[in-house]
Amino acid sequence: MKTVRRILGAQMAVTVVAALLVLAVSGESRAAWSALIGGAIGFSTAYVYARRMVATRGEEPRELVKAQYRAEFHKLALTMGLFAATFTLYKDIAALPLFLTYAATLMVYWAALLFA
């Protein structure tokens, strides 16, 4: 669980840094909010995935694989739902900062896998 906390913390930090960077470069609060939303989608869905995997009981490979597929399904469904809600509810979204910050949170996870 310690590694999960580190990854989620790094994803949150990347989100905040990206939003501040977008605000500094563009000067638009709309773009900064979009970056925050994109990062929040990234780290909140990672949290859901981690919680489902940590809650898995048993050590049978079959059960672990089933749990991984279930957790990934929930993460994907939540990701689609959050992006749909964002585009439905927040009409003034800046798509580029939204998606770039979301992608940056995913890269944190990939980098953690490389260096773990």
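The values are calculated or read from the model by the stated rules, or taken from the named source; none is laboratory data. Not measured: the values here are computed from a predicted model. Cβ coordinates were reconstructed from backbone atoms using ideal geometry, including for glycine residues, and neighbour counts include every protein chain displayed. Keep in mind that these areas ignore ligands, DNA and RNA; they rest on the heavy atoms of the full protein, side chains included. Shrake-Rupley method; radii C 1.70, N 1.55, O 1.52, S 1.80 Å.
All but one of (1) at pLDDT 90 or above; (2) closer than 17 Å to Ile7 by Cβ hold for Trp110, so report the exception by its number.
Among (1) at pLDDT 90 or above; (2) closer than 17 Å to Ile7 by Cβ, Trp110 violates only (1).
Test each condition in (1) closer than 30 Å to Trp33 by Cα; (2) charged (D, E, K, R); (3) out of contact with any His (no Cβ under 8 Å at 6 or more places or on another chain) for Lys66 and report the one that comes out false.
(1)
Condition first: at pLDDT below 95 and either basic (Lys, Arg) or not in a helix (DSSP H, G or I) (or both). Now tell me which residues in segment 29-57 satisfy that.
Passing the criteria: Arg51, Arg52, Ala55, Thr56, Arg57.
When segment 94-116 is examined, which residues are found to be buried (at least 17 other Cβ atoms within 10 Å of the Cβ) and not in a helix (DSSP H, G or I)?
Of everything in segment 94-116, just one residue is buried (at least 17 other Cβ atoms within 10 Å of the Cβ) and not in a helix (DSSP H, G or I), namely Ala94.
Among the residues of segment 72-85, which ones are under 14 Å from the mean Cα position of the chain (by Cα) and under 19 Å from Ala40 (Cβ atoms)?
Residues of segment 72-85 that are under 14 Å from the mean Cα position of the chain (by Cα), as a first pass: 72, 74-83.
The answer is His74, Lys75, Leu76, Ala77, Leu78, Thr79, Met80, Gly81, Leu82, Phe83.
Looking at Gln68, is it under 18 Å from Met1 (Cβ atoms), touching a residue at least 12 places away in the same chain (Cβ under 8 Å) and open to solvent by 40 Å² or more (accessible area, probe 1.4 Å)?
Working: under 18 Å from Met1 (Cβ atoms): yes; touching a residue at least 12 places away in the same chain (Cβ under 8 Å): yes; open to solvent by 40 Å² or more (accessible area, probe 1.4 Å): yes.
Yes.
Okay, residues lined up against (1) of a type in the set (A, V, I, L, M, F, W, C); (2) under 19 Å from Tyr49 (Cβ atoms):
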residue	(1), (2)
Arg70	no, yes
Ala77	yes, yes
Thr88	no, no
Ile93	yes, no
Leu96	yes, no
Phe99	yes, no
Tyr109	no, yes
